[in-house]
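A short write-up of the structure that comes next.
Here, each number is a calculation from the coordinates, and none is a lab measurement. For clarity, every value in this text was computed on a predicted model and none was experimentally measured. Please note: Cβ atoms are built from the backbone with ideal geometry, for glycine as well, and neighbour counts cover all protein chains shown.
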Amino acid sequence: MSASPKSHESDLGRRLRQLRSARGLSVRELARRAGCSASLVSQVERGLTTPSAGVVYSLANELGISLDLLFGSEELLPEDLPAQPGGVEPAPYPFGGGSWGRAEGDRGLGILQRAGERHTIELSTGVRWERLTPRHDSRVDFLDVVYEPHGRSSDNDRAVRHDGREYLRVLEGEIEAVIGFETLQLAEGDSLAFDPTVPHLYRNPTPRTARCLSVVVHDQH
């Protein structure tokens, strides 16, 4: 397997706290909605622990954001934050505009993501997410996902579900995908395309590291 690029760690806790505050939610209320403990949310926000992929998905769902917004270490600005999800009064600011998908400088600055400069999130269950876009994209999560030997998307095999369309291709190693009531074995080169509102989870049942290309295209409301 090729060496992992040197990456920039995301300040997940600080971003989570800022997004929760922007939604007007207490730690206890966000935890209740996401189905986890308030102490876990508090510890994640303070940088004392790392959550599983399943917990991060649940928190993102309840905040009405894409995973992509949780990457990076720079301070989020009000215009970066999406409007409140349906059923809640809209936030007083729109999603940030700008010339998305256009270079803003020499050598592809603004659209090119160098391998050695990816933002990453290390998770508690032997999983690492590496963002493949150079900036936040509210419509798509485009990730390189690394599963360490016996790594899994949740620490208790708790399935996740979210909006949009999900695509996954195994680049190296083997992955076990549980989609609804079906368990699928994926080898290098195999791929999936499915509705992620169906409960699902991933795990690496082997002693070898596995790596996947993951794309989630979110619904636009």
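Take every Cα pair under 8 Å whose residues are at least 6 apart in sequence, average their separation, divide by the length of the stretch 8-76, and the relative contact order is 46 percent. Qualifying GluC sites (Glu not before Pro) in the stretch 157-221, where qualification requires a DSSP coil assignment and no more than 10 other C-beta atoms within 10 Å, are lacking entirely.
Here the gap between THR49 and SER124, fully extended at 0.36 nm per residue and compared with their Cα-Cα distance, gives a gain of 26.2 nm. A Förster distance of 25 Å, applied to the separation of the beta-carbon atoms of GLU172 and VAL217, puts the FRET efficiency at 0.60. Residues in the stretch 180-188 carry Karplus couplings, in order, of x, 9, 10, 9, 10, 9, 10, 9, 3 Hz; the curve used is 6.51 cos²θ - 1.76 cosθ + 1.60 with θ = phi - 60°, and Gly or Pro positions show x. The HN-Hα couplings worked out from phi for the stretch 12-19 by the Karplus form 6.51 cos²θ - 1.76 cosθ + 1.60 (θ = phi - 60°) are 4, x, 5, 5, 4, 4, 5, 5 Hz, whole numbers, x standing for Gly and Pro. Evaluated with a Cβ-only charge set (Lys, Arg +1; Asp, Glu -1), the stretch 8-76 carries a dipole of roughly 340 debye about its Cα centre, given to the nearest 20.
Put the Cα centre of the stretch 149-221 next to the Cα centre of the stretch 18-67 and the gap is 22 Å.
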